[in-house]
Every structure is written in structure tokens, then in C-alpha cells.
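What follows is a set of notes on a single structure, which appears directly below.
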Amino acid sequence: MSVRVIVEKCKGCSICVKCCPFSAIDMENKIAVIGDACTGCGVCVDECPFDAIEKTEDHVKKDLSEYKGVWVFAEQREGKLMPVVIELLGEAKKLAAEIGTDVSAVVCGDEVDALTHELFAYGADKVYQAVHPELKNYRTDAYTKVIEEAINRYKPEIILLGATHIGRDLGPCLAVRCDTGLTADCTKLEIDPDDKKIRQTRPAFGGNLMATIICPNHRPQMSTVRPGVMDKAEYVAGREGVAIRLDVNFKEDEIRTKIIKIVKEAGELASLTDAEFIVSGGLGLGNPEGFELLKKLADKLGGTIGSSRACVDSGWIDHSYQVGQTGTTVKPKIYFACGISGAIQHLAGMQSSDYIIAINKNENAPIFEVADYGIVGDLYEVIPAILEEL
Amino acid sequence: MKILVCVKQVPDTNEVKIDPVKGTLIREGVPSILNPDDANALEAALAIKDNDPNVKVSVLTMGPPQACEMLRECLSMGADDAYLLSDRAFGGADTWSTSNTLAAGIRKIGEVDIIFAGRQAIDGDTAQVGPQTAQRLDIPVVTYVQHVEVIGNKVVVQRQMEDGYELIEVSTPCLLTAVKELNEPRFMSIYNIVDACSKEITIWGHEDIKLSPENCGLKASPTQVFRSFTPPTKGKGEMLNGTAAEMSKNLVSKLKGLHVI
Ligand SMILES: Cc1cc2nc3c(=O)[nH]c(=O)nc-3n(C[C@H](O)[C@H](O)[C@H](O)COP(=O)(O)OP(=O)(O)OC[C@H]3O[C@@H](n4cnc5c(N)ncnc54)[C@H](O)[C@@H]3O)c2cc1C
Ligand SMILES: Cc1cc2nc3c(=O)[nH]c(=O)nc-3n(C[C@H](O)[C@H](O)[C@H](O)COP(=O)(O)OP(=O)(O)OC[C@H]3O[C@@H](n4cnc5c(N)ncnc54)[C@H](O)[C@@H]3O)c2cc1C
Ligand code: SF4
Ligand code: SF4
């Protein structure tokens, strides 16, 4: 939806200027003029006492054909790309090939040259660079402003962001600013072969329901994508592309949050998404020391340990080890679920593992419903026995 | 100081069952609850009020008339007043529309210093409404808040990250979204329950908050649910038999046979 001022009816009372939440209206020669910042929210239409602002329906049919290309938000922390960016590039390549368009990455930081080359090597045809000292660390206002401007100028058709704590902050803000829809935490993306629009599939209701979401009449079509789900892009050393510098200017007070400090908590950060073997424990361990036994098995296989949320909640292990809907999504070659009941929120994070092995005392535990191999028994007997065999 | 808390009534997704024949969600008989993160959001507001009796805490929801029950629960926990945005026109909203309606309601309520929301509702699961509402009100937002301290007209918060947290300072007015690590929500108090029964809940429709129906609900939503289905469960595999030693031996030889170890 977009709005326009009916010049003949405008009395110049400037009520609309005050009511517009986006400061998009200015008075020129005592007539209201709607500027670029307008998101089409419609507040002014209802507020104008003289019915001088109307909705223009043609905007609903925005000229969608102007929007081209698939963009990936190249989230960096401390100058390193997040692993999900490489997954997004892999997915973006597939989507772009089906539509017949190219892939671009948008990177924000204080120094992005090395990252740009990395992004080319992972398949970006173009890299939009926003470089400014204020962009070193993520801040909502700064990143939103810079990327919003780039979207309005270069008009991408699709934007993918990682569903990280940063992507899930930035994505919603951008979607409102650019007056478009956003699908959260997607686990599958497809192109409709007929109209070339994107179909975004995501879990809702705590993983009990999957929904496929479309965004037919607004552009860009935006998704945040769950880390650990898509296949990584291939690295081609020396691959080149086109770098495009974005204009970056901030007014004073425009970035309204200040980072006082950044605190890293997890001494050793679990890197669950890359592990080929994960040995996870649940409340069935009985005590935090149980993870030491799991670690033995994980070490022997060259993998890592994981956990259910119940153990994290009990303070047995750091949250970075948590597998599931509110933890990490994993798809190792083998996932051992030891003393884990198999709640839907846990399954949501490990169901697509190649092989699932469940060890549980209770033969009716739901975890067995998804296990390739089920062992009913005490994990303190079974795991040492497996260690013997390896 | 005025604090507003956005709360949503949700089905308890732990109790949601799937109809095995139709493959659809069975919502009948599933209790409706205050969204868990929103209970943390409300607790954070009430804790600020505990320390400063001049603080007023309001709760706001968009939903069907039944949402009044949840608002009474919030009042019984200690909120001062409650607003319900309820209108046929609001139905079928995606987060674009939900945030637009909530923002219109907040504008009508008037000046507020801090707005709390939950990080994520357990039904829609998008975590988008908080930051989007802040954008529409043009106020700063901090998501994933796990600790809050109010110092004059500034708020210092811990923003949870995957591997730690950021300590962030922001001026009021601002919007903060709460995660469960923020606090332990209090229970309803008998005193407040009695009090809550006598309180009026303000109910507004689209005209009250000056939104035309085209800007609300399904009509205004850029996203549409194209189809929904129950997740395909991975078929049940093989249960191994025998003693722990036998099962382990069997397992390892099978995995070796599959060349996965
Ligand atoms: C909004 C929301 C989000 C959530 N997100 C997640 C998430 O991301 N990840 C997650 O894991 N959970 C999540 N949960 C929690 C989830 O619902 C379960 O509560 C949790 O997964 C249970 O953990 P558990 O299996 O370790 O514990 P329990 O359910 O208590 O299961 C323990 C199991 O151990 C077995 N057992 C006991 N002793 C032994 C033994 N000696 N040997 C073998 N087996 C034994 C028992 O039979 C039982 O099956 C979430 C919940 C909610 C409401
Ligand atoms: C299966 C399914 C999938 C969906 N997928 C999407 C999608 O990908 N994108 C999209 O835009 N919409 C989607 N929707 C629509 C979305 O669920 C609704 O817009 C819903 O009103 C708000 O989203 P949420 O439940 O995800 O809330 P969240 O954004 O997770 O909620 C965060 C916080 O915002 C506040 N809040 C949320 N709703 C209200 C309310 N009604 N009243 C007061 N406060 C509130 C609460 O404090 C809450 O804790 C989907 C709906 C369904 C049924
Ligand atoms: S409120 Fe209406 S009449 Fe007044 S300045 Fe704006 S458009 Fe003109
Ligand atoms: S539609 Fe909304 S954003 Fe656009 S000018 Fe009117 S009030 Fe401002």
C-alpha cells in the first residue's frame, strides 16, 4: 500500500506531519508531500481531517519486475563470516539458478576486503560493501539503515538472512522499513516453477506444524534461515566478482544503542553444526558427571557431546551444547540420544541426522519413534559396552 | 514512569496433538496460556514497579475476546490496567499487520517509557513482532534481553548472544524483548486477583485506534500461509535385542557395515 496527497483537498494543517511514525511527510508550499521514508502504514490517511490523503492501490501491485537478484546478508562477527553465511550462499546459488538471476552478498563492517574475497570464492557474483567504524559490531539501527538504503536502491528480489540472534533482529526491522513480508526461521526454500516466486517452509507451534509461506505481492521476499540446515556453498579459490561500495553516513544520535562491552561466556564453544558425530545426553544421565562418559564415546568417534534443554536448565552444561528448537539444529552422520525422552522440541533439532541411535531405559520413550537403531537399557551399561566394541 | 507489556494468548504447544488421520493440529481441549516469554516480560516490568511505586504497568494484547482471561491473569500478577485490541478486521494478521495494529494501539494509549514484549510466541514462533513494533513507533529496540537495569532515563540491558552477551545502553522510550533467562515470573496474588476482578479492561476496535480495515489483519499481510502440514516423522527403525554387550556388538557391526564409522 502506498499513499498520495490529494493536493486540491489539502488544507496545510500539518496534522499528518506529526502523526507519521516514519517522519515521511514534509510541508512544501503549505501542501503535504510524502517522501521516500513512507512505508505505506496508512496512519496519515486516517488522521487527515480533510480526507486529503488517499491510498493508491496501484502500489499493491508494485512493479515487481524491477526487483532482481538473490541477496545474502553476510553476517560477520569479529571479522569472520558466520558459518550460516556459507550455507545461505549455497542455497542462494540454487534459487538463483532456477530463477535465472545472480547472487549478491551484503557485508557490513569496519574492514571487509578479506571477507569480500571469501564471499566471491563461495559463489557471490557481487558483494555490496558497507564500510564504517560504526559497523564493526552489529547494532540494529546502523545495520538497518545501511541495508534498507541498499535494498531501496538496488531492489533485490529475494533476501536471505541467517536466523541467528543478529539475523532475527535485523530481518524484522528491514521488513517493516521496506514494507514487505518476512518468513521466520525457514528450513526449506523452493522456487515455484510456474511464477518463479519463492516458497518458504518453516516449523511453527513448537515444531508440531510445518507451514509453507509465500509473499506474492511485495518485494523483496525475505527469509531468515535456520543455521545448520542448508548445504554449504563450495569454495573455489581465486573466484572473482564485482565489489560495490555503498554510501554510509550516520547522523549524530541516529544509532540509538551503545554497546558497553561484549562478554563471551562459553569457555569452549560447542561447534555442533560442523560435527559428524554427536553424543547427546538428557536428564537420564542423572548428574552432570554423566557427560564425561558421553565425552569418552564422542572423543573415540572424533565428535562432540550435545545436550537436551532439560540438562541446560538444570545447569549441568552450557546452552551452546543444546540441541533442539531453542538450541542448535544439527545433522551429523550419527546422533546418539542417551537418556533423552524425545520431546518434539528436541526432535526438531536433530531429526534430519543421517543415523539416530537412541539409548533409553523406557521402551515407550518417543525418541524410539525416530531412531534408526533403538537400545532399551541403562546408558551407564550400554555406553561402556559400545566403547568396548569400538 | 509508564511501562507497557505486549502479551499474547497462545495454545500450550506442549499439549498440542496431531490428528493422526487428517494430519492436522488438534486445538480443542488444549489450554490457552500466557505466552511464556511474555510472562518474563511482565515480571521484568513488575520488578521495576516493586522498586518504584510511581511506575505504572499496562498490558496490551491483540486477540479475540477470550484473551480477556489472560489479561485478568496479568492484572492478578500486578499489572495496573489492561487493553485488548479486538476486531474481526484484525484476524489473520501476519507480523507486518500484527505490529501495525499493536503500534496503533500503543499510540492511542499514549506516552510510554519502556515497552516490553516476549522474544517469541510459542505458536507463530517468528520472534518478529517485537522488533517490528519498535520500528513502527520509531523507537530503539533491543531483542533477547536477559537482564535489565533502569538508571534514570537510560536502560542498561544484557542482550543474549549465542556465545555470551552484549551489555547495551539505550535511552527511553525503547522496546525490549524478553527471554526466559531474564527472571522467574511471579504467581498471581490473592490480593491482586480480587482487585483484578473489579478492573475494567479497555477494548478497542479498528476505528478506536484509527486504522482502516485495509491496514489490518489478513488484508494487509504481505505473507500468506500457502499450506500447512504436519512434519513427516522419520520412520521408526530397528529395536535391538539382547544384553547390553550383545546389543552394542550388533550396533557397532551394523554401523561399520553401513560405512558410517
Ligand atoms: C518452548 C520450548 C522450547 C524447547 N526447546 C527445547 C530444545 O531446543 N531442546 C530440547 O532438548 N528441549 C527443548 N524443550 C524442552 C523439551 O520439551 C523437554 O522438556 C526436554 O527435551 C526433555 O529433556 P530430556 O529428554 O533430557 O528429559 P526427560 O524428558 O526427563 O527424559 C529423560 C529420559 O531419560 C531416560 N532415562 C532415565 N535414566 C536413564 C538411564 N540410566 N539410562 C537410559 N535412559 C534413562 C528416561 O526414560 C527418559 O526418557 C523446549 C520446551 C519448550 C516448552
Ligand atoms: C503456521 C504459521 C506460520 C506463520 N509464519 C509467519 C511468518 O513466517 N511470517 C509472518 O510474518 N507471520 C507468520 N505467521 C503469522 C504470525 O504467527 C502472526 O502474525 C502472529 O500474530 C504474531 O506472530 P508470532 O506468534 O510469531 O509472534 P512473535 O513475533 O513470536 O511474538 C513476539 C512477541 O510479540 C508480542 N506479540 C505477538 N503477538 C501479539 C499479539 N497478538 N498481541 C500482543 N502482543 C503480541 C508478544 O510480546 C510476543 O512474545 C504465521 C502463522 C502461522 C499460524
Ligand atoms: S493532514 Fe491533510 S490537510 Fe492537513 S496537511 Fe496533511 S494532508 Fe494536508
Ligand atoms: S502512510 Fe504511514 S509512513 Fe507513509 S506518510 Fe502516511 S503515516 Fe507516514
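If the only charges are +1 at each Lys and Arg Cβ and -1 at each Asp and Glu Cβ, what is the size of the charge dipole of region A:238-390 around the Cα centre, to the nearest 20 debye? Write out the running numbers ahead of the final one.
Values: 14 positive and 22 negative charges, 102 e Å.
Magnitude of the dipole: close to 480 debye.
Considering only B:Val170, B:Val225, B:Val141, the Gaussian network model of chain B with Cα springs below 10 Å gives its largest mean-square fluctuation to B:Val225. Rounded, prolate or oblate, given the Cα gyration tensor of chain A, with a/c below 1.5 counting as rounded? Prolate. Does region A:2-56 come out rounded, prolate or oblate by the C-alpha gyration tensor, with a ≥ b ≥ c the root eigenvalues, rounded set by a/c under 1.5 and, if not, prolate when a/b is larger than b/c and oblate if not? In terms of gyration-tensor shape, rounded.
Of all DSSP bridge pairs formed entirely within region A:70-245, close to 30 percent run antiparallel.
Residue by residue along B:140-149, Cβ atoms of other protein chains within 10 Å of the local Cβ number 3 on average. Per-residue packing, averaged as other Cβ atoms within 10 Å, sorts the ranges B:90-98, A:251-259, A:14-22 into the order B:90-98, A:14-22, A:251-259, beginning with the highest. Within a Cβ distance under 11 Å of B:Asn192, other residues only, what is the Lys/Arg minus Asp/Glu net charge? Taking every Cβ under 11 Å from that of B:Asn192, the sum is 0.
Each label point was placed 7 Å from the Cα along the Cα-to-Cβ direction; for A:Glu66 and A:Ala97 their separation is 3.2 nm. Between A:Lys80 and B:Leu218, the simple label model (points 7 Å from Cα in the Cβ direction) yields a spacing of 4.8 nm.
Each of A:Ser104, A:Leu387, A:Val370 was scored by the projection of its Cα onto the charge dipole of chain A, and the greatest displacement toward the positive side belongs to A:Ser104; charges sit on the C-beta of Lys, Arg, Asp and Glu. Report, in listed order, any pair from A:Lys296/B:Lys249; A:Lys18/A:Lys155; A:Lys68/A:Lys93; A:Lys295/B:Lys236; A:Lys258/B:Lys210; A:Lys126/A:Lys264 with a Cα-Cα distance greater than 25 Å. The pairs that break the limit, which is 25 Å between Cα atoms, are A:Lys18/A:Lys155; A:Lys295/B:Lys236; A:Lys258/B:Lys210; A:Lys126/A:Lys264. For region B:105-119, backbone nitrogen atoms closer than 19 Å to the point 7 Å from A:Ile260 Cα along Cα-to-C-beta are found at B:114-115.
First measure r as the distance between the Cβ atoms of A:Cys19 and A:Asp231, then evaluate 1/(1 + (r/R0)^6) with R0 = 45 Å and state the FRET efficiency to the nearest 0.05.
On the way: r = 48 Å, r/R0 = 1.07.
The value I calculate is 0.40.
With a 10 Å cut-off around each Cβ of B:91-101, the average count of Cβ atoms from other chains is 3.
As a length-normalised measure over Cα pairs under 8 Å and 6 or more apart, the relative contact order of chain A settles at 12 percent.
In chain B, the longest principal axis of the Cα atoms and the axis of helix B:67-77 are about 80 degrees apart. Our coupling estimate for region A:309-321, obtained by passing each phi through the Karplus curve with A = 6.51, B = -1.76, C = 1.60 and θ = phi - 60°, is 5, 4, 5, 5, 4, 7, x, 7, 7, 5, 4, 5, 8 Hz, Gly and Pro reported as x. Rounded to 0.05, the FRET efficiency of the A:Asn362 and A:Glu276 pair, given R0 = 41 Å and the Cβ-Cβ distance, is 0.90.
Quick one: putting +1 on the C-beta of Lys and Arg, -1 on the C-beta of Asp and Glu, what dipole do you get for region B:140-261 around its Cα centre, in Debye to the nearest 20?
Numbers: 13 positive and 14 negative charges, 159 e Å.
That gives region B:140-261 a dipole magnitude of about 760 debye.
Packing-based ranking of B:172-178, A:233-239 yields B:172-178, A:233-239, ordered from highest to lowest mean Cβ neighbour count within 10 Å. Take each residue of peptide B:214-226, count the partner chain Cβ atoms within 10 Å of its Cβ, and average: the result is 6. In chain B, the longest principal axis of the Cα atoms and the axis of helix B:244-257 are about 90 degrees apart. Given contacts defined as C-alpha pairs under 8 Å and at least six residues apart, what's the relative contact order of region A:2-56, whole-number percent? Contact order relative to length: 48 percent.
Give the percent of DSSP beta bridges with both residues in region A:269-389 that are antiparallel, rounded to the nearest 5. All intermediate terms of the calculation are to be shown ahead of the outcome.
Details: 0 of 20 bridges.
If I count the DSSP bridges inside region A:269-389, around 0 percent turn out antiparallel.
Based on C-alpha pairs under 8 angstrom that are at least 6 apart in sequence, chain B has a relative contact order of 24 percent. Annotation: amide H of B:Val5 within the under-5 Å range of B:Ser58, B:Val59, B:Leu60, B:Phe116, sequence separation 5 or more or interchain, hydrogens built in the peptide plane.
Taking the Cα centre of chain A as origin and assigning +1 to Lys and Arg Cβ atoms and -1 to Asp and Glu Cβ atoms, the resulting dipole is close to 640 debye.
Among A:His218, A:His117, what is the fewest-to-most ranking by other Cβ atoms within 10 Å? Intermediate results must be reported in sequence, preceding the final value.
Values: A:His218 23, A:His117 17.
Listing A:His218, A:His117 from fewest to most nearby Cβ atoms yields A:His117, A:His218.
Distant-in-sequence amide contacts of B:Thr143, defined by a placed amide H-H separation under 5 Å and a gap of 5 or more residues or a different chain, comprise B:Thr177. Per-residue 3J(HN,Hα) values for region B:186-202, derived from phi via the Karplus relation 6.51 cos²θ - 1.76 cosθ + 1.60 with θ = phi - 60°, read 7, 8, 5, 9, 4, 4, 5, 4, 4, 4, 5, 5, 8, 7, 7, 9, 7 Hz in sequence order (x marks Gly and Pro). Taking packing as the residue-averaged number of other Cβ atoms within 10 angstrom, the listed peptides B:194-203, B:58-67 run from highest to lowest as B:58-67, B:194-203. For region A:107-121, putting each phi into the Karplus relation 6.51 cos²θ - 1.76 cosθ + 1.60 with θ = phi - 60° gives couplings of 10, 10, x, 9, 7, 10, 4, 4, 4, 4, 5, 4, 5, 4, 4 Hz, in residue order, rounded to whole numbers and with x for Gly and Pro. Here B:Glu111 and B:Cys197 are evaluated by their C-beta separation; at R0 = 25 Å the FRET efficiency comes out at 0.30. Only beta bridges with both residues in the protein assembly as shown are counted; by DSSP, about 40 percent of them are antiparallel.
Taking a ≥ b ≥ c as the square roots of the eigenvalues of the alpha-carbon gyration tensor, region A:57-139 is classed oblate because a/c is 1.5 or more while a/b is no larger than b/c.
Every number here is computed from the coordinates shown, using simple stated rules; none is lab data. Being a predicted model, the structure only gives us computed values, none of them experimental. A quick note on method: Cβ atoms are made from the backbone with ideal geometry, for glycine too, and the neighbour counts reach across all protein chains shown.
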